[in-house]
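Just below is one structure, and these are the notes that go with it.
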Amino acid sequence: MKILFYIIAAIMIAASLLLLLWPLIRHGRAQGRSRGVFVLALGIAFALPLAAASLYLTVGTPIALDGVAKQAPPMDVNQALTQLRAHLKDAPDDSQGWMLLAQTTATLGQNTEARDAYGQLLRLLPNDPLPMIGWAEADSMARPDHRIEGRARELLQQAVKLAPDNQRALWLLGISDFQLEHYAEAAATWRQLQPLLTPGSSVAKAVAQQIAVADARAGGAPAPAASSNAPAANASAPKLTVQVSLAPALRDKVRPGDTLFVYARAEHGPPMPLAVARLDATRLPATVELTDAMAMAPSVDLSSASSVVVGARISHSGQAIGQPGDLEGSAGVVPTGRHEPVAVVIDKVHP
């Protein structure tokens, strides 16, 4: 009975997907699109459920296969992507194929390829906000610091002009403003997003909270919308006191104009700091308090981790990412709930 149930369920799923996707295929064919890309789309849509069913039939109840004719193994996602890439080599102007490749690779975390695919879409659809937003997001995910700047920021600004009610574009552009320390602009961008959200939803509350943080860092009072929806400040929020000093052997390597970065980053995860303070390197030794308000991106802060790596860097270039010749030191892994001061000695030269 179990095997009959799974077979019936698989047939129902397949029929449902066919009913949903068949009109899209017919519409695309009516517009002269290639049949191959739609076949690949169906392959990707069916690949995972068919693979799971095949695994069950293979190792679940082998006896149920007696007398059943063997079928060709279903196409998996990697095979479908390989065929899609081959198709796009032969048909480089197939915008639907590039969209399928971009969205699939982004879902799989293959962000560099997703960015390249969105780039091909921009070549074909230069005034479409969707590939602009996709390129900017994929570029951010492909970068080790996850910053949104340069071309990514320009594309988001263009997308917002073309589609001022696009929620994803407004959110990402606000993050870019925040990362660049343009806190007033970040708050203003997110205020454009607020009316588009469902009042009282978790997303609306999160956006209101980030507006309050941006307002505070810009030196102004939180906006009424933010103060009415944002939760009250949490007195138990993490606050790490970091005492930074410079090893005597490295004092002659500090140059005029050098920048001191004191940071905390996740023990396991992306290298983007959860909190960072920027000071003049001549202020050493220095004591710094790292808090959630010092996050580089909204909601990616000290409260999102139970432990962090605390360190400090003297940058000759003024960039937060380490460069050869920078001076650095680390206190190792520290619980975010720690109340005692954390000592960091800058005693190494970045290779």
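Using packing as a proxy for protection, rank 152-165, 93-106, 277-290 so that the peptide with the highest average count of other Cβ atoms within 10 Å comes first.
93-106, 152-165, 277-290
Starting with the highest mean, order 323-336, 246-259 by the number of other Cβ atoms within 10 Å, averaged over the residues of each peptide. Walk me through the numbers on the way to the answer.
On the way: 323-336: 16.6, 246-259: 12.9.
So the order, starting with the most tightly packed, is 323-336, 246-259.
Give the cross-link partners of residue 161 among the aspartates and glutamates, using a straight C-alpha distance below 15 Å as the criterion and excluding same-chain residues fewer than 8 apart.
List returned: 128.
Please give the length that would be gained between residue 151 and residue 192 if that part of the chain were fully extended, namely 0.36 nm times their separation in residues minus their C-alpha to C-alpha distance (nm, one decimal).
Length gained, residue 151 through residue 192: 12.6 nm.
Run the quick spin-label model on residue 350 and residue 180: label points 7 Å from Cα toward the beta carbon, then report their separation in nm to one decimal.
Label-label distance for residue 350 and residue 180, simple model: 2.2 nm.
Grab the beta carbon distance between residue 103 and residue 317, set R0 = 51 Å, and tell me the FRET efficiency rounded to 0.05.
About 0.90, to the nearest 0.05.
With every protein chain left in place, what is the accessible area of residue 350 in Å² (1.4 Å probe, nearest 10)?
Residue 350 exposes around 50 Å² with every protein chain in place.
The values are calculated or read from the model by the stated rules, or taken from the named source; none is laboratory data. On a predicted model such as this, the values are computed, not experimentally measured, just so you know. Note: ideal-geometry Cβ built from the backbone for every residue, glycine included; neighbour counts use all protein chains shown. Accessible surface areas use protein heavy atoms only, side chains included; no ligands, DNA or RNA. Shrake-Rupley method; radii C 1.70, N 1.55, O 1.52, S 1.80 Å.
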